[in-house]
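Trainee: Next up is a structure, given as structure tokens.
The values are calculated or read from the model by the stated rules, or taken from the named source; none is laboratory data. Nothing here was measured: the structure is a model prediction, and the numbers come from that model. Note that we place each Cβ from the backbone using ideal geometry, even for glycine, and neighbour counts take in every protein chain shown.
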Amino acid sequence: MNSLYKKLAENLFKLRIVENTISEKYSEQEIRCPVHLSIGQEAVAVGICQNLKIKDQVYSTHRCHSHYLAKGGNLRSMICELYGKKSGCCGGRGGSMHLMDHSVGMMLSLPIVASVIPIAVGAAFSNKIKKRKNIVVVFFGDAAVEEGVFHESANFASLHNLPILFVCENNKYSCFTNIKERQPSEDLTRLAKCHKIESFKMNGNDVVQVFNRSKKIIKKIKQSSKPFFLQLDTYRYIEHCGPRSDDYLKYRDSKEIKRWLNDDPIENFIKYLKKTNQYSEKEIENIKNRMKIKINQAFEFAKKDKFPEVSSLKKYVYA
Ligand SMILES: Cc1ncc(C[n+]2csc(CCOP(=O)(O)OP(=O)(O)O)c2C)c(N)n1
Ligand SMILES: [Mg+2]
């Protein structure tokens, strides 16, 4: 397996195993923050972040585990944050929806839908004024384009030619409501085109395609200093918020679920490796085992870590 495919495999398995472990351990009731898992959506974060330099900046949402990990965020700090512990990336104060690690350019995650978009655009504006060569990537869901602030931000980014990649991760749902009940068309690139932002829509479950396409787009953004809107269609496997399946609620049709389970990003990647004679069972097993060990160590550490001191309760509270 070449070094790129190895990296993609490591990240895909890291994300999948971390989130499966969160899902398993959640019932122990030691993780007390809500969790929005991205199981099934991993190829989006992995394919794009593999093209980014440390100095490139990533901004994310309530569903931020995948972006944080794919950008190289510290695993132990993430798990400690989920457990509300002192060594967490926000000192245990933020929980699952506020992941950040400035040392690798994972700048910020915010759970208020679309609220991170203007902040990311502001960062791109600052980079441009300061003539920095890095770009900003902002990840958000299909519901975020339904907030007015998305349009204000897109307009500003277009008008000022800002080097920013808008990544709309279309998993078809805003909580329980299908995009067909919210939008006249599932092609959300039309919402970028009206701001004269170049755009592209593709399947987000093929990590090699996402990597190749975003590589070209990122190069173009860096050369032209113009924004780009990329829609990646994907699917979350389990409930909107929480560690379990919620298929019994029947807001998602079983045919639809099956169709997406058959388009699994990890299975797709394995198939690709086999087709291109790059597959090695031994290497994949090694990667999985290494990841499992690292991940178990992070959970063990987090469980034993201390909670923040009660005396520090008012620190960072502005009143
Ligand atoms: C402004 C705002 N309205 C409502 C909510 C409640 N809420 C949390 S996540 C979510 C759905 C977001 O859907 P999408 O942007 O598609 O992301 P996904 O959860 O599918 O990844 C909503 C409505 C919120 N956090 N912020
Ligand atoms: Mg969605």
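Trainee: Which residue is nearest to the chain's Cα centre (by Cα), if the candidates are limited to the stretch 236-265 and must be surrounded by 14 or more Cβ atoms within 10 Å (Cβ to Cβ) and among the basic types (Lys, Arg)?
Mentor: Residue satisfying both the conditions and the ranking: 236.
Trainee: Of the residues 88, 95, which is in contact with a Cys (Cβ under 6 Å, 6 or more places away or on another chain), within 16 Å of ligand 1 (Cβ to nearest atom) and modelled with pLDDT of 95 or more?
Mentor: Checking each option against the conditions leaves just 95.
Trainee: Residue 169: touching a residue at least 12 places away in the same chain (Cβ under 8 Å) and over 16 Å from the mean Cα position of the chain (by Cα), yes or no?
Mentor: No; evaluated as a whole, the condition is false for this residue.
Trainee: Something else about it: Are any residues in the stretch 112-134 away from ligand 1 (no atom under 16 Å from the Cβ) and either of a type in the set (Lys, Arg) or assigned to a loop (DSSP other than H, G, I, E, B) (or both), and if so, which ones?
Mentor: Once the filter is applied, which keeps residues that are away from ligand 1 (no atom under 16 Å from the Cβ) and either of a type in the set (Lys, Arg) or assigned to a loop (DSSP other than H, G, I, E, B) (or both), the stretch 112-134 yields 128, 130, 131, 132, 133, 134.
Trainee: Also, quick follow-up: Looking at 207, 167 in this structure, which one is under 19 Å from residue 63 (Cα atoms) and away from ligand 2 (no atom under 16 Å from the Cβ)?
Mentor: Going through 207, 167 in turn, just one is under 19 Å from residue 63 (Cα atoms) and away from ligand 2 (no atom under 16 Å from the Cβ): 207.
Trainee: Same structure, new question: Considering only the stretch 21-55, state which residues are part of a helix (DSSP H, G or I) and closer than 15 Å to residue 264 by Cα.
Mentor: Scanning the stretch 21-55 gives 42, 43, 44, 45, 46, 47.
Trainee: Right, another one. Is it the case that residue 233 is of a type outside the set (Lys, Arg), within 18 Å of the chain's Cα centre (by Cα) and within 16 Å of ligand 2 (Cβ to nearest atom)?
Mentor: Considered against the rule, which asks whether it is of a type outside the set (Lys, Arg), within 18 Å of the chain's Cα centre (by Cα) and within 16 Å of ligand 2 (Cβ to nearest atom), residue 233 comes out as yes.
Trainee: For residue 77, only one of the following conditions fails: (1) within 16 Å of ligand 1 (Cβ to nearest atom); (2) part of a helix (DSSP H, G or I); (3) crowded, with 20+ Cβ neighbours inside 10 Å; (4) of a type outside the set (Phe, Trp, Tyr). What is its number?
Mentor: Condition (1) is where residue 77 drops out.
Trainee: Within the stretch 169-280, which helices (runs of 4 or more DSSP H) (wholly inside it) include 2 or more residues that are more than 16 Å from ligand 1 (Cβ to nearest atom) and touching a helix residue (DSSP H, G or I) at 6+ places or on another chain (Cβ under 8 Å)?
Mentor: Fully inside the stretch 169-280 and qualifying: 207-224, 265-275.
Trainee: When residues of the stretch 137-157 are filtered for being more than 10 Å from ligand 2 (Cβ to nearest atom), closer than 16 Å to residue 188 by Cβ and of a type in the set (Phe, Trp, Tyr), how many remain?
Mentor: Going through the stretch 137-157 one residue at a time, the tally reaches 2.
Trainee: Follow-up question, since we're still on this one. Which members of the stretch 84-101 meet the condition of being aliphatic (A, V, I, L, M) and outside any loop (DSSP other than H, G, I, E, B)?
Mentor: Selection gives 97 alone.
Trainee: Just a yes or no: is a residue in the stretch 152-165 at pLDDT 95 or above, in contact with a strand residue (DSSP E or B) (Cβ under 7 Å, 6 or more places away or on another chain) and either among the basic types (Lys, Arg) or under 16 Å from residue 71 (Cβ atoms) (or both)?
Mentor: yes
Trainee: For the stretch 80-126, how many residues meet the condition of being buried (at least 18 other Cβ atoms within 10 Å of the Cβ) and touching a strand residue (DSSP E or B) at 6+ places or on another chain (Cβ under 7 Å)?
Mentor: Total meeting the criteria: 17.
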